[in-house]
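Encoded as structure tokens, the structure appears first; notes follow it.
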Amino acid sequence: MLGPNKLPIGYWPSSIVPGLADYAKVIYMGGITQAPHNEPGPPMGSGHFAEEGFSKASSFSGVQYIDANNNFQYPKHHDKYVDESVCYNMGDAFDTDQHNGLAFFFGGPGRCTR
């Protein structure tokens, strides 16, 4: 993982995740919110849905991975799964430009109970 100044802030060494010592076939990322049973869930991100876009919804940008040759790559295929779409959602990934790469909006007000 890289921080705002492109400095490494973390990684998973093969001693912790031996199955990734050579390469990964799939990369998953996600987020959750949590509330006590039968109580409404909290907001995700800024509390605004993805379609509210810039200045309202939360976002990820510059989504990249490092390939086997230590080169940064942008994901070519990106599927999404949202299990409580009336409470939270995620927008389609889009290409911003050469510097920020792949991005997507996400979030929602929560208030769902399970």
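Quick notes on this one:
- The set of residues from the stretch 52-71 being surrounded by 15 or more Cβ atoms within 10 Å (Cβ to Cβ) and either among the aliphatic types (A, V, I, L, M) or more than 19 Å from residue 27 (Cβ to Cβ) (or both) comprises 52, 56, 57, 58, 63.
- Hey, residue 62 under 17 Å from residue 107 (Cα atoms) and touching a residue at least 40 places away in the same chain (Cβ under 8 Å) or not: no
- Residue match in the stretch 1-24 (condition: of a type in the set (Gly, Ala, Ser) and at pLDDT 85 or above): no
- Selected residue (criterion: surrounded by the most Cβ atoms within 10 Å (Cβ to Cβ)) from residues of the stretch 72-98 that are in contact (Cβ under 8 Å) with a residue 12 or more places away in the chain and over 24 Å from residue 41 (Cα atoms): 93
- Residue 47 being at pLDDT 80 or above, touching an Asp or Glu at 6+ places or on another chain (Cβ under 9 Å), part of a loop (DSSP other than H, G, I, E, B) and surrounded by 13 or more Cβ atoms within 10 Å (Cβ to Cβ): no
- Selection from the stretch 50-93 of residues that are outside any loop (DSSP other than H, G, I, E, B) and in contact with a Lys or Arg (Cβ under 8 Å, 6 or more places away or on another chain): 90
The values are calculated or read from the model by the stated rules, or taken from the named source; none is laboratory data. Because the structure is predicted, anything quoted here is derived from the model rather than measured. Cβ sites come from the backbone with ideal geometry, for glycine too, and all protein chains shown count toward neighbours.
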